[in-house]
1. Go through (1) touching a helix residue (DSSP H, G or I) at 6+ places or on another chain (Cβ under 9 Å); (2) closer than 28 Å to ILE70 by Cα one by one and return the number of the condition ASN140 breaks.
2. Run GLN427 past the list (1) within 28 Å of ASP120 (Cβ to Cβ); (2) surrounded by fewer than 24 Cβ atoms within 10 Å (Cβ to Cβ) and report the number of the one that doesn't hold.
3. Would you confirm, using the coordinates I've provided, whether GLN333 is out of contact with any helix residue (DSSP H, G or I) (no Cβ under 6 Å at 6 or more places or on another chain), of a type in the set (S, T, N, Q) and either within 23 Å of ASN265 (Cβ to Cβ) or not in a helix (DSSP H, G or I) (or both)?
4. Residues being over 23 Å from the mean Cα position of the chain (by Cα), modelled with pLDDT under 95 and outside any loop (DSSP other than H, G, I, E, B): count how many of those fall in region 294-316.
5. If I ask for residues that are touching a residue at least 12 places away in the same chain (Cβ under 8 Å), in a helix (DSSP H, G or I) and hydroxyl-bearing (Ser, Thr, Tyr), which ones from region 465-495 would you list?
6. May I ask you to verify whether THR418 is of a type in the set (Ser, Thr, Tyr), at pLDDT 95 or above, closer than 30 Å to THR222 by Cα and out of contact with any Cys (no Cβ under 9 Å at 6 or more places or on another chain)?
Amino acid sequence: MRRYAPLLAAGLFATTIPALAPAQAQAAGAPGYLTQKPAWHRCDSRSPAAYQCATIKVPLDYRHPEGRKIDLAISRVRSGNPAKRHGVLLLNPGGPGGSGLDLPLFLGDALPKKVKEQYDLVGFDPRGVGRSTPISCGLNDAEQRWDRPYKRETFARDTAWAKSVAAKCRATSGDLLPYITTRNTARDMDVVRSVLGERTISYLGYSYGTYLGAVYAQMFPTRTDRVVLDSAVDPARIWRGMIQVWASGAEPAYDRWAKWTAARNRTYKLGSTPAAVSKTFYGLVAQANRKPIPIDGQKLTGDDIRSYLRGAFFSPKSAAEAVVELKKAAAGQHVGAAALPVPPAPARTAAEAPADNGTAVFWAVACGDTRSWPKDPAQYRRDSIRDKARYPLYGDIASNILPCAFWGRNIEAETPMTGTAKVLTVQNEWDSQTPLASGKGLHRALKGSKMVLALGGEGHGVYLTPGSCANAPIDAYLTTGKLPKADITCRTTSSGQRNPLSDALPGPFPAAPNRF
């Protein structure tokens, strides 16, 4: 899934707010929230009448439910067969920072009839996103760009950027940002469950939505029914480690690409051996760092190329075609932007939301979910130098300093994955956004889970990709509620087809806005 996901930070206040115990968290909604009656209405005149929207209230701070309230926008498409209806299927597209309000429409077109009949499909904009009391950090496009290569001469400037973003977030939305966290979003999900009149909820979450679903299953284990976590975030890596796994995960994909491309030298003419192919690619990187390569009126440095094509190497054919076009551009031929893989767009939000809304939510969650971010800029410098040597494609970018270095005290620690969670995790072998190591990490962390691994599967987002071998076992679980007796490893022959939701679902991290 190639859209959304933003990273933003704020040097939040340094007050300590105690974590809620599980019993408190379950009761924190208070009767006034749990017994709301949504005023359902047609979402807009251009959408089907069956697509309904409503707005409910949730506490900003679950410790003090009598205090400030914020909006939570929800949507639904009801089951067309009440006789077969099992319950509700709550949907999340990922992010953090992605809007999920229109997912019932996207999934309504893509889900098999036998699955749709069993569920009311329910979407929502997570707290802080889109139509759910949106937040902002007041950032322009340049300030939203986070994928910065480490260089000795620019590190002071990168550090100043990170500190400035944190300060702007604090100044613009400091009263809201501390409460925009995964744990609070999970609490909101339980309010949604209650106002829908359901004893339990089923859930389908992609990308960041896998972590959100895992947290919900830990906080509210008796209220989860059938849970599918697709393209997974590793709880042990939130959140800096999830950026760094982009670097470690890209190297095997790059090596696979170089071997694949060398075997097809007659077609691509990039080299007849993996070493020769790699020499061609890094020669283009070096050339672009000396003199940026023009692409459709813009100029790419070598660092842009490394960042831009990192994800492309997980699909060898796409990457080979892109490097061929780069080679042409480097030789002075005109090449349009459409010739290269388009990076993920910034998180899509409602039209009335601030332009940096998705980015602001990402930083709020990424920095607020965990206390593991290093605070010393020197550590980011050391890590970037080390990882540039280990992972030459992306290591220095992944480990460079980010606004979370200047975040204040978190209101809660991350959620321990200690309880049994009978859920189904799903993973492609070649996923650029949540690489295989990450998917295995979530499965390993969730005791009682089962995993469907699609060997040969490419791309971010597995379920509903045409031809994926994972579709059948997921359909079976959603329709019967029975987990496989053992993990399933199947073989998908990549056909180049994308998940039909790939333009609607965000990856787990932000992209630089307006970069081609």
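1. The number of the failed condition is (1).
2. Of the numbered conditions (1) within 28 Å of ASP120 (Cβ to Cβ); (2) surrounded by fewer than 24 Cβ atoms within 10 Å (Cβ to Cβ), the odd one out for GLN427 is (2).
3. Numbers: out of contact with any helix residue (DSSP H, G or I) (no Cβ under 6 Å at 6 or more places or on another chain): yes; of a type in the set (S, T, N, Q): yes; either within 23 Å of ASN265 (Cβ to Cβ) or not in a helix (DSSP H, G or I) (or both): yes.
Criteria met by GLN333.
4. 5
5. Once the filter is applied, which keeps residues that are touching a residue at least 12 places away in the same chain (Cβ under 8 Å), in a helix (DSSP H, G or I) and hydroxyl-bearing (Ser, Thr, Tyr), region 465-495 yields TYR477, THR479.
6. Numbers: of a type in the set (Ser, Thr, Tyr): yes; at pLDDT 95 or above: yes; closer than 30 Å to THR222 by Cα: yes; out of contact with any Cys (no Cβ under 9 Å at 6 or more places or on another chain): yes.
Yes: the conditions hold for THR418.
Residues checked against (1) under 15 Å from VAL277 (Cβ atoms); (2) without any contact (Cβ under 8 Å) to a residue 60 or more places away in the chain; (3) surrounded by fewer than 24 Cβ atoms within 10 Å (Cβ to Cβ); (4) basic (Lys, Arg):
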| position | (1), (2), (3), (4) |
| --- | --- |
| VAL233 | no, no, no, no |
| TRP239 | no, no, no, no |
| ALA247 | no, no, yes, no |
| ALA250 | no, no, no, no |
| ASP255 | yes, yes, yes, no |
| ARG266 | yes, yes, yes, yes |
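Conditions tested, residue by residue: (1) of a type in the set (Val, Ile, Thr); (2) in contact (Cβ under 8 Å) with a residue 60 or more places away in the chain; (3) touching an Asp or Glu at 6+ places or on another chain (Cβ under 9 Å); (4) part of a helix (DSSP H, G or I).
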position	(1), (2), (3), (4)
SER384	no, yes, yes, yes
LYS388	no, yes, yes, yes
CYS404	no, yes, no, yes
ARG409	no, yes, no, no
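The values are calculated or read from the model by the stated rules, or taken from the named source; none is laboratory data. Since the structure is predicted, the reported quantities are computational estimates derived from the model, not experimental observations. When we count neighbours, we look across all protein chains shown, and the Cβ atoms used for this are built from the backbone with ideal geometry, even at glycine.
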